[in-house]
1. Given the criteria aliphatic (A, V, I, L, M), assigned to a helix (DSSP H, G or I) and over 30 Å from A84 (Cβ atoms), does A157 qualify?
2. Exactly one condition in (1) part of a helix (DSSP H, G or I); (2) surrounded by 13 or more Cβ atoms within 10 Å (Cβ to Cβ); (3) not aliphatic (A, V, I, L, M) is false for D72; which is it?
3. Would you confirm whether or not the range 167-176 contains a residue that is in a helix (DSSP H, G or I), closer than 30 Å to N242 by Cα and either of a type outside the set (A, V, I, L, M) or not assigned by TED's automatic domain parsing to the domain that holds Y95 (or both)?
4. Filter the range 195-211 down to residues that are surrounded by fewer than 14 Cβ atoms within 10 Å (Cβ to Cβ) and farther than 17 Å from A234 by Cα and give me whichever is nearest to the chain's Cα centre (by Cα).
5. Any residue at all in the range 167-184 that's in contact with a helix residue (DSSP H, G or I) (Cβ under 8 Å, 6 or more places away or on another chain) and surrounded by fewer than 16 Cβ atoms within 10 Å (Cβ to Cβ)?
6. Which number in (1) in contact with an Asp or Glu (Cβ under 6 Å, 6 or more places away or on another chain); (2) surrounded by fewer than 13 Cβ atoms within 10 Å (Cβ to Cβ); (3) under 30 Å from S254 (Cα atoms) marks the one condition that E164 misses?
7. Step by step: first the residues of the range 219-262, then only those that are of a type in the set (S, T, Y) and over 30 Å from Y70 (Cβ atoms), then the one that is surrounded by the most Cβ atoms within 10 Å (Cβ to Cβ). Which residue is that?
Amino acid sequence: MKLNYRDKIIAAILIAITIFLVGYFALIKPKYKDIQTHQKNLKEVQKTEAEIKAQIAEIPDLKNSILKLYEDTSVITANFVPIADVQDQVYIDKYMQKFADEAKVKLLSVELKEAKLTPIEYYYNAVADNFGDMRKAADVDGSLSKAYSEKVAESTAVSQRAKESVMQTQYAISIHGTQKCVWAYLAALEKFDKTLTVNTVTMTDGSFGKNEAEALNVSLPDSKDADEETIVEAGEGKKISNATDVKIIVTLFSVYEMAKPNVEDVSSN
């Protein structure tokens with residue numbers, strides 16, 4: 001079959017279109033889909049990159065916040081006896097002996113007692129709402145309840161605050177001295193730079209020999225002005241002292257020290 005010129009032109013055009021379509025569906029269309037997929041992935045990566053850059057930009061502020069929290073925590077924990085030391089009787093003896101030397105009392109013994117974990121109590125004025133029913137009856141617009149809530153907001157917040165726990169370790173301290181020296185020792189405990197509570201103070205003779213001396217008509221130096229113990233004879237081998245034994249129960253409070261956060265590795269990465 002012979003094709004005329006017109007048929008040849010038409011056949012050539014059809015072949016060209018066929019080649020184009022085959023190339024489009026076989027090569028160009030899949031590539032186009034790949035390009036679209038890559039563009040979508042690129043947008044997601046660019047979004048992730050922007051988020052990461054934003055987080056990196058926040059690192060200096062976060063680093064400063066972490067260090068500030070560590071510094072503030074360290075200031076607070078510095079008031080407590082380190083847990084590693086509170087059970088070390090030698091460590092406590094050192095302080096108690098130092099106070100005894102300064103107050104001029106005899107330190108007879110320092111006895112380690114029970115250690116336990118105890119929640120810290122908050123001290124606040126508990127508000128008793130004795131007129132709640134009356135207020136509700138008169139509170140037609142809610143203003144009375146709002147005013148009352150604002151008034152007791154601080155007390156309510158403190159009462160609902162979570163209680164943190166600390167280690168409490170008790171020591172029984174026995175000393176011997178005059179009233180002046182015992183008072184000086186108690187004052188030294190009060191000025192101790194660690195968190196400490198004096199629970200009880202028990203004296204063998206609360207008058208420091210004064211009552212017994214007066215009963216036997218014996219002159220005895222006033223204990224409240226005496227730096228040293230004086231012992232006087234009261235006849236028949238009896239002796240009276242202006243010093244007495246004192247037993248003091250104290251509680252020391254301890255917490256773990258916070259380890260310093262390593263923020264340099266975070267910022268460098």
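The values are calculated or read from the model by the stated rules, or taken from the named source; none is laboratory data. Since we're looking at a predicted model, the values are computed, not measured. Neighbour counts are summed over all protein chains in view; Cβ atoms, including those assigned to glycine, are modelled from backbone coordinates with ideal geometry.
1. It is true that A157 is aliphatic (A, V, I, L, M), assigned to a helix (DSSP H, G or I) and over 30 Å from A84 (Cβ atoms).
2. (2)
3. No - not one qualifying residue is present in the range 167-176.
4. T197
5. yes
6. Status for E164: all satisfied but (1).
7. For the range 219-262, the residue satisfying everything is S223.
Matching residues to (1) touching a Ser or Thr at 6+ places or on another chain (Cβ under 8 Å); (2) touching a residue at least 24 places away in the same chain (Cβ under 8 Å); (3) not assigned by TED's automatic domain parsing to the domain that holds D227:
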site	(1), (2), (3)
M96	no, yes, no
A100	no, yes, no
S109	yes, yes, no
L112	yes, yes, no
R135	yes, no, yes
V140	no, no, yes
